[in-house]
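Any read-out appearing in this document is the output of simple, stated calculations on the displayed coordinates, not a laboratory observation. For clarity, every value in this text was computed on a predicted model and none was experimentally measured. As a convention, Cβ positions derive from the backbone with ideal geometry for all residues, glycine included, and neighbour counts pool all protein chains shown.
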Amino acid sequence: MTQRRTLLQAGAALALGSCLPARAAAPFHMAYFETYSPLSFRQGSALQGILLDVIEEVLHKRMRVAVDHKGYPWNRAQLMVQHGEADAICTIATPERLEYAVAAEEPVVSPRRRVFVRASHPMLAQIRQVKDLDELRQLNLSVVSYAGNGWAKTNLTDFKVEQGIDFESALKMLIAKRGDVFIDNSFTMQYSLARMPGGNDILMMPANLDQSHFQLLVSKKSTHLGLLPAFDAALRQFKRTPQYARIYQRYGVQP
């Protein structure tokens, strides 16, 4: 009798378990550079930016994946993805980053990189004529950068680099004449300089030195690695809609 009652209880427990909802998948933890406006930055206590808006639209609204957007110092954000403490960052897929992450094929944004220099710089005329990195290298100038800048680490190995703690501190260094030029994506620089004291003294040079593709880089330790093909398809579709351009307009820049 006791054995029969035990079997009935076990059967009831199994039946009840089959009726319970499955455990929800863990949210997709995005780690962002918290001082890289207008791509990702804090406004008061809120994190916002073009990258957040695009990823929220694609992952959450279109793919129905819960997303947890968090901002960090840039080196920390990258280390979190490397160690599997966050699922992804959105940035340039450098060889170093591809050692610990897998890149989506479709870029989230593709800004052009330009040279920025003080209007009072004694070599302004020569800098204005620069068409590529080789020509800039010949001028023997110092380039301002910041910790965690993967593009600079890959492309400025034979330049003299003056490094700031983060993006904002590097901009202040350029304004304060602690370096000759700054190379970064055009709309991030324009957005930030327009809001920084002394930013009006910095000029953008006409040549496009490079085009940077910011891709979703998912940690090889993430349980969400399998969503990359669907993310690429959903992102391509979204970029063909007017909503994609409106995100840029919200921050006063052009895609």
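Pull out the extension gain between residue 139 and residue 46, defined as 0.36 nm times the separation in residues minus the alpha carbon to alpha carbon distance; nm, one decimal.
My answer for the length gained is 29.3 nm.
FRET efficiency for residue 168 and residue 112, Cβ-Cβ distance as r, R0 = 25 Å, nearest 0.05?
The pair residue 168/residue 112 has a calculated efficiency of 0.75.
Provide 74, 151 in ascending order of the number of other Cβ atoms located within 10 Å of each residue's Cβ, fewest first.
Least crowded to most crowded, the residues run 151, 74.
Nothing charged except the Cβ atoms of Lys and Arg (+1) and of Asp and Glu (-1): what's the magnitude of the dipole of the chain about its Cα centre? Round to the nearest 20 debye.
For this selection, approximately 700 debye.
Under 1.5 on a/c is rounded, so check that first for the stretch 57-124, then, if it is not, pick prolate when a/b is larger than b/c and oblate when it is not; a ≥ b ≥ c are the square roots of the alpha carbon gyration tensor eigenvalues.
Judged from the Cα gyration tensor, the stretch 57-124 comes out prolate (a/c at least 1.5, a/b above b/c).
Arrange the following residues from fewest to most other Cβ atoms within 10 Å of their Cβ: 69, 213, 224.
The fewest-first ordering by Cβ neighbours comes to 213, 224, 69.
Pull out the extension gain between residue 25 and residue 220, defined as 0.36 nm times the separation in residues minus the alpha carbon to alpha carbon distance; nm, one decimal.
68.5 nm
With each run of n ≥ 4 DSSP H residues scored as -39500 (n - 2.57), what mean residue ellipticity at 222 nm is computed for the chain after dividing by its residue count and rounding to the nearest 500 deg cm²/dmol?
-9500 deg cm²/dmol
What is the distance, in nm, between label points placed 7 Å from the Cα along the Cα-to-Cβ direction at residue 96 and at residue 254?
Rounded to a tenth, the inter-label distance reads 3.4 nm.
Take the alpha-carbon centre of the stretch 224-254, take the same for the stretch 145-217, and report the distance between them in whole Å.
Spelled out, the Cα-based centre of one part sits 25 Å from the other.
With N set to the number of residues, divide the alpha-carbon radius of gyration of the stretch 179-229 by 2.2 N^0.38 Å and report two decimals.
Cα-based Rg divided by the globular estimate yields 1.73.
How high is the FRET efficiency from residue 70 to residue 196, r the C-beta distance, R0 25 Å, rounded to 0.05?
Once rounded, the FRET efficiency stands at 0.50.
Please order 204, 80 by the number of other Cβ within 10 Å, starting at the fewest.
Final ranking by Cβ density, sparse to dense: 204, 80.
Please grab the % of Cα pairs in the stretch 112-211 that end up more than 20 Å from each other.
Of all Cα-Cα pairs in the stretch 112-211, 27 percent lie more than 20 Å apart.
How far apart, in nm, are two points set 7 Å out from the Cα along the Cα-to-Cβ line at residue 243 and at residue 208?
2.7 nm
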